[in-house]
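Enquirer: Pasting a structure here, questions to come.
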Amino acid sequence: MCSSLNVLVCALVLVAAAAGASEEENLGDVSAKLSNPVSDLWAINMQFGINFSDGDRNRGAAEVGGFFQMQPALPIPLYKGERTWRMILRPTIPVRVGAPVPKGFNDFDHETGLSDMLLPFLFAPSLDHWILGAGPGLLLPTSTEDAFGRRQWGAGPAVVVGYKTKKFTAIVFPNYIWGFADRGDQNETPDASFLTLQYAFNWNLPNAWQIGINNTASYDHQASSGNQWNVPIGPFVSKTVRFGRMPVKFQLSAEYSVVSQDEFGQRAQVKFSATPVIPGLIQE
């Protein structure tokens with residue numbers, strides 16, 4: 001599975017390098033567009049990180065696990081008039097590496113595998129300053145370990161609202177999912193009902209630098225009291241550079257969860273991301 005992912009990542013990067021981007025396109029503009037979930041840029045965001053998890057289920061130092069996540073942004077033009085309408089596909093493909101899975105009190109397995117995939121479809125107009133988009137989101141039961149997924153299909157609304165200027169971009173991007181079918185196994189757990197909420201503020205600096213926050217909170221309606229919310233907050237710094245004709249945005253961030261699960265959940269995270277950019281492969 002991991003080798004297949006490596007091949008896919010390499011293939012996407014090679015496509016990006018071959019396609020390239022306009023030499024005249026300002027890197028600061030590229031960096032700002034990448035902060036907008038409904039922009040016209042095609043891009044491949046790849047994140048690598050370390051999670052520190054803690055709670056009542058363990059004692060002593062936090063349990064450590066890694067992750068890799070790939071999220072292509074694929075805007076497809078639907079209509080060109082006074083406003084251009086696009087459908088933006090943003091599949092999230094998450095892999096957990098050595099993730100701690102509680103077996104009992106202070107007893108953990110560290111497992112590696114694919115988690116469930118999320119696939120929001122956003123329909124959005126091109127606007128001068130406002131960022132608006134909405135559509136359905138799908139939950140795909142792709143997890144290779146029971147602890148990494150919901151074990152069922154799901155769907156729900158995805159919405160993005162924001163505002164952008166030359167200096168900054170601010171967005172809120174919620175996606176709520178309800179489970180509606182299982183994978184055929186005898187699972188008596190309640191149907192999925194959960195929220196992911198991305199909130200970001202990106203401040204544009206000279207020479208294609210950015211600083212700000214870009215965090216994702218989560219809420220699980222089926223979890224017990226005290227274990228429903230995880231709300232991280234923390235800064236990032238990013239720089240967009242050009243390799244040949246291909247712009248790439250590099251970003252480093254650190255987060256601390258000001259609200260987290262009492263029983264066991266993420267307390268802190270450090271992550272690094274690389275986002276190569278390609279021009280739209282579908283122009284019309």
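Enquirer: Only one of A134, A155 is closer than 21 Å to T189 by Cβ, open to solvent by 20 Å² or more (accessible area, probe 1.4 Å), among the aliphatic types (A, V, I, L, M) and over 15 Å from the mean Cα position of the chain (by Cα); which? Explain how you work it out, then say what you get.
Expert: Numbers: A134 fails: closer than 21 Å to T189 by Cβ.
The match here is A155.
Enquirer: Quick one: K249 ticks every box in (1) at pLDDT 95 or above; (2) open to solvent by 40 Å² or more (accessible area, probe 1.4 Å) except a single one, so which number is it?
Expert: The failed condition is (2).
Enquirer: Any idea which residue in the range 65-85 is surrounded by the fewest Cβ atoms within 10 Å (Cβ to Cβ), counting only those that are over 20 Å from the mean Cα position of the chain (by Cα) and assigned to a strand (DSSP E or B)?
Expert: Step one: of the range 65-85, the residues over 20 Å from the mean Cα position of the chain (by Cα) are 77-85.
Now narrow it down to the ones that are assigned to a strand (DSSP E or B): 77-79, 85.
Details: P77: 15, L78: 12, Y79: 9, W85: 14.
Here the residue is Y79.
Yes or no, residue by residue, for (1) over 27 Å from G154 (Cα atoms); (2) touching a Pro at 6+ places or on another chain (Cβ under 8 Å); (3) among the basic types (K, R); (4) at pLDDT 95 or above:
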{"site": "L205", "(1), (2), (3), (4)": "yes, no, no, yes"}
{"site": "Q210", "(1), (2), (3), (4)": "yes, no, no, yes"}
{"site": "I213", "(1), (2), (3), (4)": "yes, yes, no, yes"}
{"site": "S218", "(1), (2), (3), (4)": "no, no, no, yes"}
{"site": "N230", "(1), (2), (3), (4)": "no, no, no, yes"}
{"site": "Q266", "(1), (2), (3), (4)": "no, yes, no, yes"}
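Enquirer: Can you tell me how many residues within the range 37-64 are within 19 Å of the chain's Cα centre (by Cα) and open to solvent by 40 Å² or more (accessible area, probe 1.4 Å)?
Expert: Number of matching residues: 4.
Enquirer: From I171, I211, I177, grab the single residue that is in a strand (DSSP E or B), more than 30 Å from P102 (Cβ to Cβ), out of contact with any helix residue (DSSP H, G or I) (no Cβ under 8 Å at 6 or more places or on another chain) and open to solvent by less than 50 Å² (accessible area, probe 1.4 Å). Show your work before the answer.
Expert: On the way: I211 fails: open to solvent by less than 50 Å² (accessible area, probe 1.4 Å); I177 fails: more than 30 Å from P102 (Cβ to Cβ).
Testing whether each residue is in a strand (DSSP E or B), more than 30 Å from P102 (Cβ to Cβ), out of contact with any helix residue (DSSP H, G or I) (no Cβ under 8 Å at 6 or more places or on another chain) and open to solvent by less than 50 Å² (accessible area, probe 1.4 Å) leaves just I171.
Enquirer: Would you tally the residues in the range 228-246 being open to solvent by 40 Å² or more (accessible area, probe 1.4 Å), under 20 Å from the mean Cα position of the chain (by Cα) and under 19 Å from L34 (Cβ atoms)?
Expert: The qualifying residues number 3.
Enquirer: Go through S225, S257 for me and flag whichever is of a type in the set (G, A, S) and open to solvent by 30 Å² or more (accessible area, probe 1.4 Å).
Expert: Details: S257 fails: open to solvent by 30 Å² or more (accessible area, probe 1.4 Å).
So the residue among S225, S257 that is of a type in the set (G, A, S) and open to solvent by 30 Å² or more (accessible area, probe 1.4 Å) is S225.
Enquirer: So how many residues does the range 117-165 have that are of a type in the set (D, E, K, R) and either in a strand (DSSP E or B) or under 16 Å from P37 (Cα atoms) (or both)?
Expert: Let us first name the residues in the range 117-165 that are of a type in the set (D, E, K, R), namely 128, 145-146, 150-151, 164.
With the extra rule that they be either in a strand (DSSP E or B) or under 16 Å from P37 (Cα atoms) (or both), the set shrinks to 128, 164.
Number satisfying all stated conditions: 2.
A quick yes/no check of all residues on (1) within 18 Å of the chain's Cα centre (by Cα); (2) open to solvent by 70 Å² or more (accessible area, probe 1.4 Å):
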| residue | (1), (2) |
| --- | --- |
| L119 | yes, no |
| H129 | no, yes |
| D146 | no, yes |
| R151 | no, no |
| G162 | yes, no |
| D191 | no, yes |
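Enquirer: Sticking with this one: What are the residues in the range 260-284 that are open to solvent by less than 30 Å² (accessible area, probe 1.4 Å) and either over 17 Å from the mean Cα position of the chain (by Cα) or of a type in the set (A, V, I, L, M, F, W, C) (or both), if any? Lay out the reasoning, then the answer.
Expert: At the first step, the residues of the range 260-284 found to be open to solvent by less than 30 Å² (accessible area, probe 1.4 Å) are 260, 265, 268-269, 273-278, 280.
Across the range 260-284, the qualifying residues are S260, G265, A268, A274, V277, I278, G280.
The values are calculated or read from the model by the stated rules, or taken from the named source; none is laboratory data. Small disclaimer: the values here were computed from a predicted structure and weren't measured. In this analysis, Cβ positions are derived from the backbone assuming ideal geometry, glycine residues included, and neighbour counts consider all displayed protein chains. Surface areas here come from the heavy atoms of the whole protein model, side chains and all, with no ligands, DNA or RNA. Shrake-Rupley method; radii C 1.70, N 1.55, O 1.52, S 1.80 Å.
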